[in-house]
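Accompanying notes for the structure given below.
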Amino acid sequence: MLRRVAANVAVNSWKGNIFELDHKLIMARQLHARRIEGIDKNIWVDFTQLAADYKVVNLGQGFPDFSPPSYIQEALCKAVNGGCSMHQYTHAFGHPPLVSILAKFFGRVVGHEIDAFEDILVTVGAYQALFCTFQALVDEDDEVIIIEPFFDCYQPMVKMAGGKGVYVPLRPVSMEGGKALTSADWVLSSEELASKFNPRTKAIVINTPNNPLGKVYKREELQVIADLCIKHDVVCISDEVYEWLTYDGAKHVKIASLPGMWERTVTIGSGGKSFSATGWKVGWAIGAGPIVKHLKTVHQNSVYHCATAAQEAVAQGFQREYELFGTPESYFLQLPEMLNQKRKKLATCLESVGLQPILPEGGYFMISDISSLKVDLNDPSTQDEPHDYRFVKWLIKEKGLATIPVSAFYSPEHRKDFQNYIRFCFVKEDSTLNAAEDILRKWSD
Amino acid sequence: MWLELERSRHTHFPLGIHIFLQLNIVGLFFSYMNITRRTLSSACRWININCIRNISYSQCAMTSSRHINSKRIEGLDKNVWVAFTSVAADPTIVNLGQGYPDIPPPAYVKEALANAAAVDKLNQYTRGFGHPSLVKALSQVYGKVYGHQIDPFKEILVTVGGYGSLFSTMQALVEVGDEVIIIEPFFDCYVPMVRMAGATPVLIPLRLRSNKETSSVSSADWVLDPEELASKFTSKTKAIIINTPNNPIGKIFTKGELQTISDLCIKHDTLCISDEVYEWLIYKGHQHIKIATLPGMWDRTITISSAGKTFSVTGWKLGWSIGPEHLIKHLQTVMQNTLYTCPTPLQEAVAQGLLRDYELMGQPECYFSSLAVELEGKRDRMAAILQDVGMSPIIPEGGYFMCVDVTPLNQDLPHMGDDEPYDYKFVKWMIKEKVRKNQQLDATSYLRFKWHTIPFIYLTFV
């Protein structure tokens, strides 16, 4: 009755004065679905906007400011100028040339035959692969173990699927006489991890190399996780978008290649991160057919296809990389080599201005401890926010340097304990890194 | 899903075998979507692709029962388009199932994409809810169409195709336990999307006006019964989905028809989801009306459109939702938690295309009008061909598709099996016996023609 009254009132308002329609009366009942409650805040939306509003040197969001390799740009141009079919729908679960080469390429990497049409789903970026995985496998009240710090979307995606995030942190192991200086020094406690598994645990999410920390999980660390997955019959969701970006001899290991893990792992990859073309939004999920088929069901009922031309270009890219794999011409070797220089450059710069970086073994990012900095964050608009958020906003507005607060990568429960780190992206032109260095030096003087 | 539609199909079309079959032909469209695993397997055999493979367990140990799917996707795994796009990969098979053009997109749109791909920053992430130049271009074009300003950042969301907009809308606004009214015949994804959101689809059919001759039927002759429609609204009705121009029939809802729907939306306080992906494909003598422009409707309507259908680039998979901020913001929440952003160079290219056509709006050179003129010729040719060979097409007022009554052909199909609907057997027979690429097509052609391929069919008829 209230709704009918409200609707009638709305109609009367419309008739009475066409410009004063109070839309709040249009629907007296709740407009939005409950599944999106509590997931409306998004750090990327907020901080991308802020970085756009102020003129900043942007070491915030994780995308290169240099061009993708020319051969991949050419591949896209070639696809665009290809026949009609490049501009029309392709196969729903992945453009055939792309899934075929992914099967071939990753079959060789993982040491396990991969069926192009059963074991692979192409998605709109790795982001959508994550979404399909959670929606396909997580039910109301299922628990999903998430290792902190984590790429922020895992938590709201689990929530949207009705599941419950169970968090276990990487902790810096204190070294003799000093702080933990590399991402390798941040480890899981095996006992603590084991304690998080229970009969309601549906999945565990791992991210290696890790965003934001840059940790590259060693085989032994993955084995501990694998043992628990097998013991408790849990699915492993392995986000490996930065799989080619390892430094200083760190080796990327695919948990799906460990015994007993292929049939229970979804491995997620990214064309955007592999080819420095994040705007193409081509990603994939690879796993055993019986699991991937459920991701396909979500996909066919949500987006149905991904863009054809971009998939064709990524397929060409992988074809080239398949042939050049392990050789100096391989972009998958050249890119980490190039980024390693930038990583070292940024680390040196941060150290020299008193910001202690944690040197990442892999990935796009470096985090830095800001607790030693004494800054007057006199901004009433950020009064109630965590310290690192306030600091990052101050840095954007006052110094023109964009970074990301690391507490965004922690669960709501643990955020308050990790307010003293900020994240830098070093996958930038040297000129950008130089400009950042200038800002930091001026500030520390 | 298939059982519900099967029941509705049989209960709503009682008026004799002729009409039953005619409507049954339309029902074949439902059959495409509602093929059971068994019939899909047999369909795939005669389509000559292995689209349902037996999952091989030799390579992996049997996964446990805990790896079963979540409840939300239970029963939603069948999708006939999945099977039919596989056909496109097989060069011996003519794919007339899915709705995409085989005419090339306009050159300026392809050029815009090539240009965008050459710009470094256009290969990286853009704004999540829509690339700024695209949402601004959309705001311009649709501001003109709607006759009021549309905020590019708060009232527009760019999505992965019209499909992605439908999904974002359902996930954002449809709650478990809600009812959503869907008008039959409907684009097949509406029902599984409603079910995935935990809601119940409530179906109501368009019906052929009872005094209509079966030759020279137009999609305008398929109408809703206002009383029947009113009876579908309950206290649980959260939304009604309309699709105008309609896929598959091609109906363009008149202002009066939309007014009836909007009166009910306002009376019952429901939302309206208006799928208008074919909005520019309007043939002579008809006018596309946006239900969101009717009084009281802007604030309760999400209008969905498609770059793929607008510019004949279905493989670009870009679409958009337009609506009031208090609804769009919820779709944006879904977007930021599902795929976050759409591809940048494609969005830039669509923006350039829109800006070019915005300048030409109302003129014959505008692609929004010129495509409709081109397709109208093809529509008329196809209709003539079908009529010549004794079939009765339903002449669409808009859109890509034409539905056809094949009963006049009186084709007896006892050898095609007993337990399937006639229309399904007919299409199966047609494909198996009559259609191969580059061979002379027999008179008995497809049920639902996507008549962008008219030149192809025409040639093989000669």
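Just so you know, all these numbers are worked out from the coordinates, no wet-lab data involved. Model, not experiment: these values are computed from the prediction. Please note: Cβ atoms are built from the backbone with ideal geometry, for glycine as well, and neighbour counts cover all protein chains shown.
Normalising the average separation of contacting C-alpha pairs (under 8 angstrom, six or more residues apart) by the number of residues puts the relative contact order of chain A at 22 percent. Taking the Cα centre of the stretch B:236-349 as origin and assigning +1 to Lys and Arg Cβ atoms and -1 to Asp and Glu Cβ atoms, the resulting dipole is close to 200 debye.
Sparse packing (at most 12 other Cβ atoms within 10 Å of the Cβ) combined with a DSSP loop state is found for the following GluC sites (Glu not before Pro) in the stretch B:139-247: B:Glu213.
Restriction of the trypsin sites (Lys or Arg not before Pro) in the stretch A:341-445 to DSSP coil positions whose beta-carbon has at most 10 other beta-carbons within 10 angstrom yields A:Lys374.
In this structure, B:Glu374 and A:Asp40 have a Cβ-Cβ separation that, at R0 = 60 Å, corresponds to a calculated FRET efficiency of about 0.85. Report the Rg/Rh value for chain A, based on alpha-carbon coordinates and the Kirkwood definition of Rh. Here the Rg-to-Rh quotient is 1.00. Using +1 at the Cβ of each Lys and Arg and -1 at the Cβ of each Asp and Glu in chain A, identify which of A:Ser270, A:Gly362, A:Tyr127 lies farthest towards the dipole's positive end. It is A:Tyr127, whose Cα lies furthest towards the positive end. Taken about its Cα centre, the stretch B:241-299 carries a charge dipole of roughly 240 debye when the Cβ of each Lys and Arg holds +1 and the Cβ of each Asp and Glu holds -1.
For a test of the definition: using alpha carbon positions, the gyration tensor, and the 1.5 limit on a/c, classify the stretch A:358-439 as rounded, prolate or oblate. It comes out oblate by the Cα gyration axes. Distances between placed amide hydrogens fall under 5 Å for A:Gly162 paired with no residue 5 or more residues away or on another chain.
When DSSP beta bridges are limited to those with both residues in the stretch B:190-313, what percentage is antiparallel, rounded to the nearest 5? The answer is about 20 percent antiparallel. With a ≥ b ≥ c the root eigenvalues of the C-alpha gyration tensor of the stretch A:102-166, is it rounded (a/c under 1.5), prolate (a/b larger than b/c) or oblate? It comes out prolate by the Cα gyration axes.
When you filter the GluC sites (Glu not before Pro) in the stretch A:120-212 for DSSP loop state and at most 10 other Cβ atoms inside 10 Å of their Cβ, you are left with A:Glu176. Taking other C-beta atoms within 10 Å as the exposure proxy, A:Glu361, B:Glu376, A:Glu263 rank B:Glu376, A:Glu263, A:Glu361 from fewest upward. On the beta carbon distance between A:Leu181 and A:Arg441, with R0 = 25 Å, the FRET formula returns roughly 0.70. Sort the stretch A:335-380 into rounded, prolate or oblate with this rule: let a ≥ b ≥ c be the square roots of the eigenvalues of the Cα gyration tensor; rounded if a/c is under 1.5, and if a/c is not under 1.5, prolate when a/b is larger than b/c, oblate otherwise. It is prolate, given that a/c is not under 1.5 and a/b is the larger ratio. When both bridge partners sit in the stretch A:142-298, DSSP labels roughly 30% of those beta bridges antiparallel.
For a modelled paramagnetic label at A:Glu398, 7 Å from Cα along Cα-to-Cβ, the residues of the stretch A:414-445 in reach, with backbone nitrogen under 20 Å, are A:419-424, A:436-445. Projecting the Cα atoms of B:Asn247, B:Gln259, B:Pro343 onto the charge dipole of the stretch B:243-357 (Cβ charges, centred on the Cα centre) puts B:Asn247 farthest toward the positive pole.
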